[in-house]
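All remarks here apply to the structure that follows.
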Amino acid sequence: MKNNPTEFIRMAVELSREGSQSNKGGPFGCVVVKDGKIIGKGSNQVTSSNDPTAHAEVVAIRDACKNLNSFQLTDCEIYTSCEPCPMCLGAIYWARPSKVYYANTRHEAAQAGFDDAFIYEEINVAPDKRKIEMIHLPDASALKIFKDWIAKPDKIDY
């Protein structure tokens with residue numbers, strides 16, 4: 001299949017429909033494309049897997065990375081049925097695709113009951129001021145592991 005963004009978005013939307021109708025999870029779907037071919041796909045599986053991280057984008061990224069045998073999605077595009085939430089946005093940035101296409105906006109998702117504005121707001125709040133208590137417990141041995149990592153000659157950067 002040649003690279004047709006509209007067709008790939010429709011596939012992501014169809015995955016969102018299938019996933020929500022089969023009660024796998026919420027109405028979200030995603031495909032990952034490389035060189036015009038789908039290499040990963042996923043639908044939201046939060047409720048069926050009891051995994052709050054099983055959002056469509058995360059499921060699709062995991063599938064694509066497994067199929068590519070790589071931890072990065074270099075030269076890939078992500079097509080998703082909705083603007084990514086903060087968690088998925090983080091996963092996308094870690095995976096490093098070249099583009100993300102999305103159908104619904106986060107504001108439309110909020111109208112459907114999926115409001116992540118609170119998380120977007122909390123990201124900008126100092127850890128000691130967040131709604132979920134964040135407690136910094138400095139540990140010298142934890143810091144030493146970071147220093148060892150910096151000096152590790154055979155590490156795989158990512």
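The values are calculated or read from the model by the stated rules, or taken from the named source; none is laboratory data. Fair warning: this is a prediction, and the values are worked out from it, not measured in the lab. For neighbour counting, all protein chains shown are included, and Cβ atoms are generated from backbone atoms with ideal geometry for every residue, glycine included. Just so you know, the surface numbers come from the protein's heavy atoms only, side chains and all, with ligands and any DNA or RNA stripped out. Shrake-Rupley method; radii C 1.70, N 1.55, O 1.52, S 1.80 Å.
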I'd like to check which helices (runs of 4 or more DSSP H) are fully inside the range 28-107 and have at least 3 residues that are of a type in the set (D, E, K, R) and surrounded by 14 or more Cβ atoms within 10 Å (Cβ to Cβ).
56-68
Would you confirm whether or not the range 130-152 contains a residue that is touching a helix residue (DSSP H, G or I) at 6+ places or on another chain (Cβ under 9 Å), closer than 23 Å to residue 44 by Cβ, open to solvent by 100 Å² or more (accessible area, probe 1.4 Å) and of a type outside the set (A, V, I, L, M)?
no
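Looking at 103, 64, can you tell me which residue is within 24 Å of residue 5 (Cβ to Cβ) and without any contact (Cβ under 8 Å) to a residue 40 or more places away in the chain?
Being within 24 Å of residue 5 (Cβ to Cβ) and without any contact (Cβ under 8 Å) to a residue 40 or more places away in the chain holds for just one of 103, 64, which is 64.
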Residue list for the range 34-63, restricted to those being under 15 Å from residue 81 (Cβ atoms) and among the basic types (Lys, Arg):
41
When you scan the range 66-86, do you find a residue that is at pLDDT 95 or above, touching a Cys at 6+ places or on another chain (Cβ under 9 Å), more than 22 Å from residue 15 (Cβ to Cβ) and hydrophobic (A, V, I, L, M, F, W, C), even just one?
yes
Quick one: count up the residues across the range 3-58 that are closer than 24 Å to residue 115 by Cα, among the basic types (Lys, Arg) and more than 15 Å from the chain's Cα centre (by Cα).
3
